[in-house]
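Student: Sharing a structure, written as structure tokens. Questions coming.
The values are calculated or read from the model by the stated rules, or taken from the named source; none is laboratory data. In this text the structure is predicted, and so the values were computed from the model without any measurement. Positions of Cβ are generated from backbone atoms using ideal geometry, with glycine treated the same way; all protein chains shown enter the neighbour counts. Just so you know, the surface numbers come from the protein's heavy atoms only, side chains and all, with ligands and any DNA or RNA stripped out. Shrake-Rupley method; radii C 1.70, N 1.55, O 1.52, S 1.80 Å.
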Amino acid sequence: MLTKRIIPCLDVKDGRVVKGVNFVNLRDAGDPVELAALYDREGADELVFLDISASNEGRATMIEVVRQTAGEISIPFTVGGGISQVEDMKRILRAGADKIGINTAAIVNPDLISDGARRFGSQCIVVAVDAKFNDAWGEWEVYTHGGRKPTGIRALEWVKEAESRGAGEILLTSMDADGTKDGFDLPLTRAVSCLVGIPVIASGGAGNKEHFYDVFTEGQADAALAATIFHYKEIAVPDLKQDLKARGVEIR
Amino acid sequence: MTIAIVDYGMGNLHSVSKACERLGFKTVVTGDPAAILNASGVLLPGVGAFGDAMEHLRESGLDRVVREAAAAGKPLLGICLGMQLLFDSSEEHGDHQGLGILPGRVVRFEGGSLKVPHMGWNKLEYVNSDGPLFLGLEEGHVYFVHSYHVLPERQEDLLAVTDYGYPVTAVVGHGNVFGMQFHPEKSGEMGMSLLRNFLTFAEGGQQGQAG
């Protein structure tokens, strides 16, 4: 049986790890390569790098970070942020990343999913979806541009389309839960997990170990991602995995 | 002594070569027949489609070189698609001939409720732990990404399986030839230990320098 995966996320700007609370107020939390190696040693199952650099220089730095990281760690890792063309994907995969995360660019140009999947295989293509509950609709809406722009697209329809276009995984972030530390968005995660036949990575809202247990059981997530609580050692990865294992969750 | 990582224009070999270096083994990423035949061991990695990979191998003549290395008794390890290529044939997108170094064929996962590709961490279950690969290692989790799997013709070639609806071929071996369906270079400590065991075997039992 496949195990549930624990995935620390490293937000990287100009080659340094930062993490914002609700995507603002960035704080520096260190060197990405060093942090990645530490998480590998601690038993993280996978890593996600989100490049939030705004400049071309920052992007170029990211390629170097990817290359160094690939040489240092022995677990798979995904790189997302600012990827809008198949050529960008190629550069990052060549540098040693295992998967590519695409978000806004996939909404703007959904062919990017199909083209990427055809060229590199579905297992390389992670479609990141930022979703927020829309009271008027009574369901979730997709947001882009780091969670700032509502798209008018229904999240449940979008994940289905992403899957049919060849996405290998969905990285699902709840804008409502992100930064709150009140727990993952279980109704959203469950709704998406039940709808698609590809793995779903739940993100946003992790505050304690219980939250991970809940998202793997009630939320039916295949993987859970968090940043702040890992970076600031509020939860240690080995403790978390031990705890989940003791409670009967399939864990490496 | 050097380990040759066969470069036939398919995918990224950086992670595999770096993993070997971290374990203290010298590697060369190469498509040169002499370098492959003179190496102490050969790694055949691979990502992508079976048919494309075989075409690349044939075009460069490296199919014969890998067969020759195997026949000469050189330690050879196929990784992921590289393991599948060792066998007779694959039904991935049609019917393709493989290297035929080990007897057996590559088939798609049987339909069912489980997701394909089989992607993520799954546990190895040893079928035959006599050889050098599992030396000193308890059964552990490794990282898989694949939609097709191998059915070896000889039961004795099956060294480990993993459970994904049914027992799926995870490690094969026959004499000097081995294959791992998962990515040892992406499988944490367990993967690195398996890789170290193969490389140590390839170097004639001498331990690599800690990197």
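Student: Rounded to the nearest 20 debye, what is the charge dipole size of chain B about its Cα centre when +1 sits on each Lys and Arg Cβ and -1 on each Asp and Glu Cβ?
Tutor: Charge dipole of chain B: 400 debye, to the nearest 20.
Student: What is the extension gain from A:Glu157 to A:Asp135, computed as 0.36 nm multiplied by their sequence separation minus the C-alpha to C-alpha distance, in nm to one decimal?
Tutor: Gain on extension, A:Glu157 to A:Asp135, equals 6.2 nm.
Student: I need the calculated FRET efficiency for the pair B:Arg108 and A:Arg41, taking r as the beta carbon distance and R₀ as 41 Å, to the nearest 0.05.
Tutor: On the way: r = 36 Å, r/R0 = 0.89.
Efficiency computed from Cβ-Cβ geometry: 0.70.
Student: Could you tell me which of B:Ser90, B:Val116, B:Leu13 has its Cα farthest along the dipole of region B:1-139 towards the positive end, charges placed at Cβ (Lys, Arg +1; Asp, Glu -1), taken about the Cα centre?
Tutor: Comparing the listed Cα positions along the dipole, B:Leu13 ranks first.
Student: Could you give the distance between the Cα centres of region A:131-188 and region A:76-113, to the whole Å?
Tutor: Between the Cα centre of region A:131-188 and that of region A:76-113, the gap is 19 Å.
Student: Now a separate question. Ignoring everything except DSSP H segments at least 4 long, calculate the 222 nm mean residue ellipticity for the protein assembly as shown; use -39,500 (n - 2.57) per segment, divide by total residues, nearest 500.
Tutor: So the calculated ellipticity at 222 nm is -9500 deg cm²/dmol.
Student: Give me the summed buried accessible area for the A-B pair, 1.4 Å probe, to the nearest 100 Å².
Tutor: Buried area (both sides, nearest 100 Å²): 2100 Å².
Student: Turning to a different aspect of this structure: Please give the net charge around A:Arg252, taking every other residue with its beta carbon less than 10 angstrom from that of A:Arg252, where Lys and Arg add +1 and Asp and Glu add -1.
Tutor: +3
Student: Find which of A:Ala95, A:Ile113, A:Gly205 sits farthest along the positive direction of the dipole of chain A, computed with +1 on the beta-carbon of Lys and Arg, -1 on that of Asp and Glu, about the Cα centre.
Tutor: A:Ala95
Student: For the protein assembly as shown, with only Lys/Arg (+1) and Asp/Glu (-1) charged at the beta-carbon, what is the dipole magnitude about the Cα centre, in debye rounded to 20?
Tutor: Approximately 480 debye in magnitude.
Student: Related question: Loop only per DSSP, at most 16 neighbouring Cβ atoms within 10 Å: give me the chymotrypsin sites (Phe, Trp or Tyr not before Pro) in region B:112-209, ordered by residue number.
Tutor: Filter output for region B:112-209: empty list.
Student: Let me ask another. Based on the Cβ-Cβ distance from A:Ser55 to A:Ser114, what FRET efficiency comes out when R0 is 25 Å, to the nearest 0.05?
Tutor: Calculated value: 0.30.
Student: Once the whole set of protein chains is in place, how much accessible area is left on A:Asp51, using a 1.4 Å probe, in Å² to the nearest 10?
Tutor: Its heavy atoms expose roughly 10 Å² to the probe.
Student: Which residues in region B:107-127 place their backbone N less than 16 Å from a point set 7 Å from the Cα of B:Leu151 along the Cα-to-Cβ direction?
Tutor: B:107-112
Student: How many angstrom lie between the C-alpha centres of region A:194-252 and region B:22-57?
Tutor: Cα centroid to Cα centroid, the span is 38 Å.
Student: Mind checking which aspartates and glutamates have their C-alpha under 18 Å from A:Lys160, skipping anything on the same chain fewer than 8 residues away?
Tutor: The qualifying aspartates and glutamates are A:Asp111, A:Asp115, A:Asp130, A:Glu139, A:Glu141, A:Glu169, A:Asp222.
Student: Which FRET efficiency, nearest 0.05, do A:Thr217 and B:Glu189 yield, Cβ-Cβ r, R0 22 Å?
Tutor: Rounded to the nearest 0.05, the efficiency is 0.20.
Student: Distance cut-off 26 Å, Cα to Cα: go down the list A:Lys90/A:Lys241; A:Lys149/A:Lys241; A:Lys132/A:Lys209; A:Lys241/B:Lys26 and report the pairs above it.
Tutor: Listed pairs above 26 Å: A:Lys90/A:Lys241; A:Lys149/A:Lys241; A:Lys241/B:Lys26.
Student: Average partner chain C-beta neighbours within 10 Å, per residue of A:70-83?
Tutor: Per-residue shielding by partner chains comes out at 4.
Student: Where a Cα-Cα gap under 12 Å defines reach, which aspartates and glutamates qualify for B:Lys74, not counting those fewer than 8 residues away within the same chain?
Tutor: Here the aspartates and glutamates satisfying the reach criterion relative to B:Lys74 are B:Glu203.
Student: Along each of the three principal axes of the Cα atoms of chain B, give the extent in whole Å, ordering the values from largest to smallest.
Tutor: Here the spans come out as 46, 40, 29 Å, largest first.
Student: Once each part is reduced to its C-alpha centroid, what is the distance from region B:139-211 to region A:37-51 in angstrom?
Tutor: 23 Å
Student: While we're looking at this one, here's another question. Each label point is 7 Å from the Cα along the Cα-to-Cβ direction; what then is the distance between the points at B:His93 and B:Ser60, in nm?
Tutor: 1.8 nm
Student: Next question. Which whole-number percent is the relative contact order of chain B (Cα, under 8 Å, 6+ apart)?
Tutor: 21 percent
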